[in-house]
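Novice: A single structure is presented below for examination.
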């Protein structure tokens, strides 16, 4: 019996955490399988342990994957940032393409990072077809874990995804039906949101307990250097405005790593704002209101029932391209799932310190609005599926041909 090998590619901090959880679930599922009898009285279990390798970050490495490179260190956002780093990403692309061809994994799992991963999946499929006449039967299934937001822009890409992916694992309930209507040949499974497992054991404070504390605003500027460079110049003065309107208010900014912490410190945080690395759960439990980038973290704000002002600023060129392509009404996922603006959204030129502070102040001072927001958020998170998203994702992968034995 040959040990299974899996190549994973995760290019962002959030995807790195998802990939790590998936590795653990795959390892557990494969370890629990009954080994077929062999001529040896005691099979060499260690030699049959699954192998995981590829590109990701510290979470994936800590889960036992062998990393060829830390892809999360190169995470960028927006068209202009991609153009600036085009040569670097081309080099990484060809490095990972060669890694896949040399190691011939049994399966390749692309986690989020959709623009890069879609091109890599397409190149691997093309390479497999080219090698099919060279006395090799290597043809690994390629899985995309977390749907790209093709439902928000360029929906025609869904058709091409069916050519490059053997399985798409989605974390939001509406996505499976969306793909069924537009790309019926694409195998799609909704596995639920991994956040449900991550916070399943966390007890949320009673509203009265949270309201009895001094108000605390939580700043979440993003997980990439480019996001901090664009968001901090409006977030910091917005916090200053809040301290003048709400004497005694406390502030905390949570960042995912030390590199971003150093970057944020270089911008000169205003008095009264504590800037820390890690501790997001504790900060969300204490926060009375948040100001956050419109990315993944808005779902965590929703889970903890924190009224949030969602902001997004990018380069002029990226914004001009984006506003012509994006067809959905909102950018923050809680708003999309609720189909209404639960979290106020301030995008590009609207994201000024005064407007951010005014929106946050309205959420902080309006108990009726807070109660309404929390009620809608409870319904949103209730539709994310039960615990076990990573387990269900691992089961779906192992049901693919060639991986079930």
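What follows is calculated from the coordinates using simple rules that are stated; it is not laboratory data. Remember, it's a predicted structure, so these values are computed and weren't measured experimentally. Counting neighbours? That spans all protein chains shown, and the Cβs are built from the backbone with ideal geometry, glycine included.
Novice: If I take R0 = 25 Å and measure r between the Cβ atoms of residue 339 and residue 153 in this structure, what FRET efficiency does the formula 1/(1 + (r/R0)^6) give, to the nearest 0.05?
Specialist: Computed FRET efficiency for residue 339 and residue 153 comes out at 0.90.
Novice: Looking only at Cα atoms, what is the convex hull volume of region 267-385 per residue, in Å³?
Specialist: Each residue corresponds to 131 Å³ of Cα convex hull volume.
Novice: Follow-up. Of the residues 342, 150, 289, which exhibits the maximal mean-square fluctuation in a Gaussian network model of the chain defined by a 10 Å Cα contact cut-off?
Specialist: In this elastic network of the chain, the residue with the biggest mean-square fluctuation among 342, 150, 289 is 150.
Novice: Once the Cα atoms of helix 13-31 and of the chain are each reduced to a long axis, what angle between those two axes, in degrees from 0 to 90 to the nearest 10, is obtained?
Specialist: 40
Novice: For residue 139 paired with residue 202, estimate the spin-label separation in nm (one decimal), with each label point 7 Å from Cα along the Cα-to-Cβ line.
Specialist: 4.4
Novice: Quick one: if the Förster radius is 30 Å, what FRET efficiency do residue 321 and residue 352 give, using the C-beta to C-beta distance and rounding to 0.05?
Specialist: E between residue 321 and residue 352, to the nearest 0.05, is 0.85.
Novice: What angle do you read, to the nearest 10 degrees and between 0 and 90, between the alpha-carbon axis of helix 353-365 and the longest principal axis of the chain?
Specialist: Between helix and principal axis, roughly 80 degrees.
Novice: In nm, give the distance between the simple-model label positions of residue 187 and residue 368, each being 7 Å from the Cα along the Cα-to-Cβ direction.
Specialist: Taking the simple label geometry, residue 187 and residue 368 are separated by 5.3 nm.
Novice: Right, something else. Based only on other Cβ atoms within 10 Å, what is the fewest-to-most ordering of 69, 331?
Specialist: Listed from fewest to most nearby Cβ atoms, that is 69, 331.
Novice: What is the fewest-to-most order of 92, 142 by other Cβ atoms lying within 10 Å of their Cβ?
Specialist: Least to most surrounded, the residues fall as 92, 142.
Novice: What FRET efficiency, computed as 1/(1 + (r/R0)^6) with R0 = 25 Å and r the Cβ-Cβ distance, is obtained for residue 180 and residue 29, rounded to the nearest 0.05?
Specialist: 0.40
Novice: Within region 371-388, which residues have the backbone N less than 17 Å from the label spot 7 Å out from residue 328 along Cα→beta-carbon, could you tell me?
Specialist: Only 377, 380-385 pass the distance filter.
Novice: Distance in nm between label sites at residue 103 and residue 123, each 7 Å beyond Cα in the beta-carbon direction?
Specialist: Placing both labels 7 Å along Cα→Cβ, they lie 1.6 nm apart.
Novice: Also: Rank these for me by crowding, 234, 297, going from fewest to most other beta carbons within 10 Å. Before the final figure, lay out the partial values.
Specialist: Details: 234 21, 297 25.
Placing the least packed residue first, the sequence is 234, 297.
Novice: What is the helix-to-structure angle for 114-131, meaning the angle in degrees between its Cα long axis and the longest Cα principal axis of the chain, kept from 0 to 90 and rounded to the nearest 10?
Specialist: The helix 114-131 is inclined about 10 degrees to the chain.
Novice: Under a GNM of the chain (C-alpha, springs under 10 Å), which listed residue has the highest mean-square fluctuation: 372, 227, 300?
Specialist: 372
Novice: For a quick check, take a GNM of the chain with Cα springs below 10 Å and name the residue from 232, 263, 220 with the largest mean-square fluctuation.
Specialist: Maximum fluctuation in the GNM of the chain, among the listed residues, is at 263.
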